[in-house]
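What follows is calculated from the coordinates using simple rules that are stated; it is not laboratory data. Since this is a predicted model, take the numbers as computed values, not measurements. Here the Cβ positions follow ideal geometry from the backbone for every residue, glycine too, while neighbour counts run over all protein chains shown.
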Ligand SMILES: Cc1cc2nc3c(=O)[nH]c(=O)nc-3n(C[C@H](O)[C@H](O)[C@H](O)COP(=O)(O)O)c2cc1C
C-alpha cells in the first residue's frame, strides 16, 4: 500500500503544505542576513536555496509571495546585499525562531541569540559563528507567475569556510562543518559524512575517492 495524493486541491491547507514541502526533499537550512537602508539588521531562516552556477558564482533561493511585510526581501531590494550563513546544528532551535514575525525594528540577531559580524566592509551582516558563509549581491529576480513566489539570484562576492571542513580540491565537507539540514518547515537533521566519487564515465565502475 502507498499513500496517494491524487487531488492535492482537496487537502486541508496546512496538511498539504507539510506534505509537499517534505516530499520535495531534505535541504540545507541557512540564515539570510540583511540590513535595511536605515541600519536595522535582519536575520531569517530559509531552506529553498540552491546552487545556480559557479562561473560567476551564483546562489538562488525562493522567496514567498510578497503579500505581507517581508523584511529580508525589502532589505535585499533596497540595498542589493545579503549574506547566506550555514547553521551549526547546536543553533538549530534558535535558527528556527528567526522565522517568527518580529517587527522590522527588532533584530533577530539580538532576539534569537546570533552575533552579527561585518567582514571586508561587506554591507550585510554575517553570523559570527557560521562555519560556511557567503556574502552576496542581488543579481537577478523574477516572479514565478503560477504562485507569486520570487526567484532571487545573488552573486557570491565573498565565501568563507572554516579550514577544518575545506578540502584541498575545493570541496566543502558540510558534515565536518556540523551544519543543519531540514525537511519541510520544522524537522531538523544533522548531516552524515559523505562518500565521494570521481567524475562518472559511461560503462566504468564508480571510483571512490576514499583510500
Ligand atoms: C525551516 C524553514 C525554512 C524556511 N524557508 C523559507 C524559504 O525558503 N523561503 C521563504 O520565503 N521563507 C522561508 N521560511 C519562512 C521565513 O523564515 C519567514 O517568512 C520569516 O519570517 C522571514 O522573515 P523576514 O520577514 O524577516 O524576512 C522558512 C521557515 C522555516 C522555519
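Just a few scattered comments:
- Cβ crowding within 10 Å, taken as a proxy for footprinting-reagent exposure, orders 12, 110, 41 from fewest neighbours to most as 12, 110, 41.
- The stretch 103-149-the stretch 1-54 distance, computed between alpha-carbon centres (Å): 16 Å
- Cβ crowding within 10 Å, taken as a proxy for footprinting-reagent exposure, orders 99, 134 from fewest neighbours to most as 99, 134.
- Prolate/oblate/rounded label for the stretch 156-211 (Cα gyration tensor, a/c 1.5): oblate
- Global geometry of the stretch 1-160, whether rounded, prolate or oblate, following the gyration tensor of its Cα atoms and the 1.5 cut on a/c: prolate
- Sorted by Cβ neighbour density within 10 Å, fewest at the top, the residues 155, 204: 204, 155
- Length gained on full extension, residue 49 to residue 9: 11.8 nm, using 0.36 nm per residue less the C-alpha separation.
- Most fluctuating residue given options 144, 87, 59, as computed from a GNM of the chain linking Cα atoms under 10 Å: 144
- Projected label distance in nm at residue 147 and residue 168, using a 7 Å step from Cα toward the beta-carbon: 4.5 nm
- The chain: calculated mean residue ellipticity at 222 nm from DSSP helix runs of at least 4, using -39500 (n - 2.57): -4000 deg cm²/dmol
- Shape class of the stretch 47-97 from the alpha-carbon gyration tensor: oblate, with a/c at 1.5 or above and b/c at least as large as a/b.
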